[in-house]
Amino acid sequence: MSAQPIVGIIMGSNSDWPTMQAAAKVLEDFGVPFEARVVSAHRTPDLMFEYAESARARGLRAIIAGAGGAAHLPGMVAAKTTVPVLGVPVQSKALSGQDSLLSIVQMPKGIPVATFAIGEAGAANAGLFAVALLANTDAALAEKLEAFRARQTQAVLAMTLD
Ligand code: RP5
C-alpha cells in the first residue's frame with residue numbers, strides 16, 4: 001500500500017505469512033493502509049526493539065503480531081510500545097499452536113496483548129479488531145464495518161443444506 005501505514009503486521013518468519021495474509025486481506029478489503037514485514041523476537045531482537053520503539057512516532061495505531069512456537073514476538077513488542085498489540089498464535093507443527101497460544105496469552109499484569117484464535121481465523125479476526133479500533137474515530141470505516149457485518153448476516157441467513 002502506498003499511503004502512510006497506520007497498522008503494522010509483523011511475524012516471526014516468512015513461514016507465518018500464509019496465516020498472516022488473512023489479516024492483510026481484511027485490512028486491504030477495508031482500505032486500511034498497512035505494512036507487513038518479518039520481525040523475529042529471537043533471530044532479530046534488535047530490529048524488534050527498534051520496530052516497537054519507533055511504532056507510535058511512525059504513525060502506527062495498532063500492531064498485529066503473529067508468531068509460532070515459543071511465540072515471544074507479540075509480548076516483547078508490547079513491552080516496548082504503548083501502541084495496542086494484537087497477538088496471533090500461528091499453528092506450529094509440533095504442538096498445533098497450543099504452544100503459540102499459551103506463549104502469547106499468558107502476559108504478566110501491566111503489559112497487555114489482545115490474543116486471538118490459533119491460525120487463519122485468528123489472523124482475520126485480528127484484522128477485523130484493528131478495523132474496529134480505528135473505526136472508533138473514523139465514521140466512514142465504522143459504516144464499512146456495519147456493512148460487512150450485515151453482508152455476513154445475510155450470507156448466513158441464505159445458507160441452505162443439501
Ligand atoms: C517462529 O518460529 C515463527 O513465528 C514461526 O512460526 C516459527 C518457525 O519459524 P521458521 O523455522 O519456519 O522460520 O519464530
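Every number here is computed from the coordinates shown, using simple stated rules; none is lab data. Keep in mind that what you see is a predicted model, and the values were worked out from it rather than measured. Don't worry about glycine lacking a Cβ; one is built from the backbone with ideal geometry, like all the others, and counts go over all protein chains shown.
Residues in segment 94-151 that are among the β-branched types (Val, Ile, Thr) and surrounded by fewer than 19 Cβ atoms within 10 Å (Cβ to Cβ): Val105, Ile111, Thr137. What number of residues within segment 9-52 satisfy the criterion of being charged (D, E, K, R), without any contact (Cβ under 8 Å) to a residue 60 or more places away in the chain and near the ligand (Cβ under 10 Å from one of its atoms)? Matching residues across segment 9-52 total 1. The set of residues from segment 53-77 being closer than 15 Å to Val113 by Cα and more than 16 Å from the ligand (Cβ to nearest atom) comprises Arg61, Ala62.
Annotation: Ser96 fulfils all but one of (1) away from the ligand (no atom under 13 Å from the Cβ); (2) out of contact with any helix residue (DSSP H, G or I) (no Cβ under 8 Å at 6 or more places or on another chain); the unmet one is (1).
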